[in-house]
Amino acid sequence: MKLFKYFCLLSFMASCSSEQTPQELLSVDLRSGMDHPSMLALQDEIESVEYIPLETTADPASLLDGVSEYAVTSNYIYVSPVKEQRIVQFDRKGQFVKTLIPFGQGPGEFSGILPCIQVDERNDRLFLFSNNRVWEYTLEGEFIGQSTHEYSVIYMRHIGKDRFAAISFPFQPFNGGGFGLGLFSRKGDTIAIKNDFYSFLLPHEKSGFTTSIASAYSDAQNSVLFKTGSNDTVFCISADRISAACVLDLKNSDAEVIRSLDVTDMSNLRIEKKDPKDIFVQDMIEFPAHYYFRLLYNQGYYIASVDKKTGKTFVEKCEMPGSIYELADANLQHGMQGTRSYRNFPVWGRVIKDELVQVVTPYELNLYKSLHSITIPQELDLKGEEGNPVFVFYSLI
């Protein structure tokens, strides 16, 4: 279960610009910067920062064991804890409100693994996505309805009126009734499907998605972008098409392509099977002028910034106080695996409207205290390893 949740949180964020011809696609050479890292310039894109610790009260429902997924509006923070199947509501000051939506089979309750939460503040909607079902609520938790479609998915987002973008559940072959990327209507009708991720290195009957994928919603563009280890192209699912957004020239090995495609080999779940010199794109963030990629390479994390117009790339190596597994235990969001180019504190998260949102945990902060190469802000100088996570909001220029 922990590996599944860890996989679900491989998330990234990038834009879907107007449709481009192959000659116009931005081509990015990430590998050339991996062995010569430097500091990025995130400080040029952040105006201010606010730290919001989530409140703990006498009500046990206010206590969280971590954050597996979250959504944010102007008024509220919605959190799905790591071990508990429920949605907890806090206000934007971090004050506990209530358990908004419980787990169960009763009216208005949801069931199943919950990899994705999304809010549509303009239309007063909260969406919960699980496998092949979508639960719809108001932002105050009133149950609106539930829909079901025929495909099993690992990731889904509402990307416009009557449109949902989806990524298939891994380890299902494309030619065995599964799919790769999909665009569906609210009723489950198929608008577009993309399955052509094959490679000459592997028979078609073995080809599908393994855990070597990354996907995330782009709030600014109302689209979903996707990257698989078997293909260097970043794909975009918009409200009316699936298209290419940019190309990352990773120069990975044939073995990595096979590992990313072979759905008959369940050992793909093991991170240590990767060649350390292969680059895994874990997730992305889109800023107005840059893409930021978080990468797993040579048993460490790296952040790359890419100029969206020129493709100029800089790479920074992240500070790691422990192994990848220890970091996953500390925070499934890997909130402090980021660039130190803003006030020397590791920054990573997702862009929501005009803010970069980051989640850090007391345990994670405790791991990093011994590293003198980073600076923990006074607002995050928490005592001990227990307590609720802290949300950090960076206002973007």
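The values are calculated or read from the model by the stated rules, or taken from the named source; none is laboratory data. Fair warning: this is a prediction, and the values are worked out from it, not measured in the lab. All Cβ positions, even for glycine, are placed from backbone atoms using ideal geometry, and neighbour counts span all protein chains on display. Surface areas here come from the heavy atoms of the whole protein model, side chains and all, with no ligands, DNA or RNA. Shrake-Rupley method; radii C 1.70, N 1.55, O 1.52, S 1.80 Å.
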Cβ neighbours within 10 Å, averaged per peptide: list 339-346, 54-61, 288-295 in order, most packed at the top. 288-295, 339-346, 54-61
For the pair F200 and D381, the simple spin-label estimate (label points 7 Å beyond Cα toward Cβ) gives in nm 6.1
Under the 7 Å Cα-to-Cβ spin-label approximation, T138 and A220 lie apart by a distance in nanometres of 3.3
Could you compute the FRET efficiency for E121 and A255, with r as their C-beta to C-beta distance and R0 at 35 Å, rounded to 0.05? 0.20
Hey, which aspartates and glutamates would be in cross-link range of K194, C-alpha to C-alpha under 15 Å, not counting anything within fewer than 8 residues on its own chain? D240
Straight-line reach from K274: which lysines have Cα under 16 Å away, leaving out those fewer than 8 places along the same chain? K251
What do you reckon, how do H149, H372 stack up by accessible area (1.4 Å probe), largest on top? H372, H149
Protein accessible area in the range 327-397, 1.4 Å probe - carbon and sulfur %: 48
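Would you mind calculating the gained length between K312 and A192 on full extension (0.36 nm times residue separation, minus the Cα-Cα distance), in nm to one decimal?
In short, 39.9 nm is gained.
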Under 13 Å from a point 7 Å along the Cα-to-Cβ line of E50: which residues of the range 337-357 have their amide N that close? 354-357
What residues of the range 107-129 lie in the reach of a label at R92, counting those whose backbone N is under 13 Å from a point 7 Å from the Cα along Cα→Cβ? 121-122
Rounded to the nearest 5, the percent of antiparallel DSSP beta bridges in the chain equals 95
Compute the accessible area per residue over the chain, keeping the other protein chains in place, probe 1.4 Å, unit Å². 41
So, R0 is 35 Å and r is the distance between the beta-carbons of Q43 and N175; what FRET efficiency does that work out to, to 0.05? 0.10
Any aspartates and glutamates with Cα under 17 Å of the K317 Cα? List them, leaving off those in the same chain fewer than 8 positions away. D29, D35, D278, D283
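So how do 126-135, 205-214 stack up, highest first, on mean other-Cβ count within 10 Å? Walk me through the intermediate numbers first.
Details: 126-135: 20.7, 205-214: 23.0.
So the order, starting with the most tightly packed, is 205-214, 126-135.
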Note on the chain: contact order normalised by length, alpha-carbon pairs under 8 Å, 6 or more apart, percent, works out to 20
Accessible surface of S243 in the full protein assembly, 1.4 angstrom probe, to the nearest 10 Å²? 20
